[in-house]
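Below: the structure, in structure tokens.
The values are calculated or read from the model by the stated rules, or taken from the named source; none is laboratory data. Just so it is clear, the structure is predicted and the values come from calculations on it, not from any experiment. When we count neighbours, we look across all protein chains shown, and the Cβ atoms used for this are built from the backbone with ideal geometry, even at glycine. Note: accessible area is taken over every heavy atom of the protein model, side chains too, but ligands, DNA and RNA are not part of it. Shrake-Rupley method; radii C 1.70, N 1.55, O 1.52, S 1.80 Å.
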Amino acid sequence: MKRGIELSSEFTREISIYISGRDYVRSQLSSALSDLTPAEIAQRILPDIFSIGAIALHIGEAEYYWTQCVLRRRDLTEEEMRFAHMFDAMENDVDRGFDANYLISRLDDIYAMSRNTLSSFTDKDLDTYFPRRDPGSSDEHSLREILQRLNDHESNHRGQIAMIKRIIREEK
């Protein structure tokens, strides 16, 4: 059997490589989340380890920050911050009754916005630098690094989610 990742024709070649990789990572994350119950989503396996729900919301929060705030070079509104669970996912890690559909749909909505934002960039923009929007930060990141960062970030947290899910289900 041959397996591969198809490039998206919506983007220029190099950006499409990042986006296609992201599509692959997102499909794996959605699959990992799809059969979780609200109790599993909210469960902490140890006091210092965040719940699957908090980690999933954090993935969306980070993506929203990088694509809607940094790449668009603007501050977020209060409404946007609530939508993306900005500064909320990890700080308020409680059982809020989120189900798998809520998490997947919120992540998909944020990703659709990210794709829309990225559609305005071309490969020539990959080495353009964007300043962070955090107060007091002077860091700047290239579009190439931001795209790689987003893929790495989601992949790393997807691994955490898979591990926590396995532990939760082995405890039963």
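For region 45-119 versus region 21-39, the spacing of their alpha-carbon centroids is 14 Å. Hull volume per residue, based on the alpha-carbon atoms of the chain and their convex hull, is 129 Å³. Sites listed here are trypsin sites (Lys or Arg not before Pro) in region 1-39 whose DSSP assignment is loop and whose Cβ has at most 11 other Cβ atoms within 10 Å: LYS2, ARG3.
Its relative contact order, with pairs defined as Cα atoms under 8 Å and 6+ residues apart, puts the chain at 30 percent.
For region 44-92, which trypsin sites (Lys or Arg not before Pro) are both in a DSSP coil and crowded by at most 12 other Cβ atoms within 10 Å? The partial results should precede the final answer.
Details: sites: ARG44, ARG72, ARG73, ARG74, ARG82; in loops: ARG44, ARG72, ARG73, ARG74.
Those that pass, being in a loop and sparsely packed, are ARG73, ARG74.
Sorted on the mean count of surrounding Cβ atoms within 10 Å across their residues, most packed first, peptides 46-55, 125-134 read 46-55, 125-134.
Around the amide H of SER142, modelled in the peptide plane, lie the amide H atoms of PHE130, all under 5 Å away and 5 or more residues distant in sequence or on another chain.
Between the listed residues LEU103, PRO47, PRO131, the Cα displaced farthest toward the positive end of the dipole of the chain, a dipole computed from Cβ unit charges relative to the Cα centre, is found at LEU103. Remark: accessible surface ordering of TYR18, TYR64 (largest first) is TYR18, TYR64, probe radius 1.4 Å.
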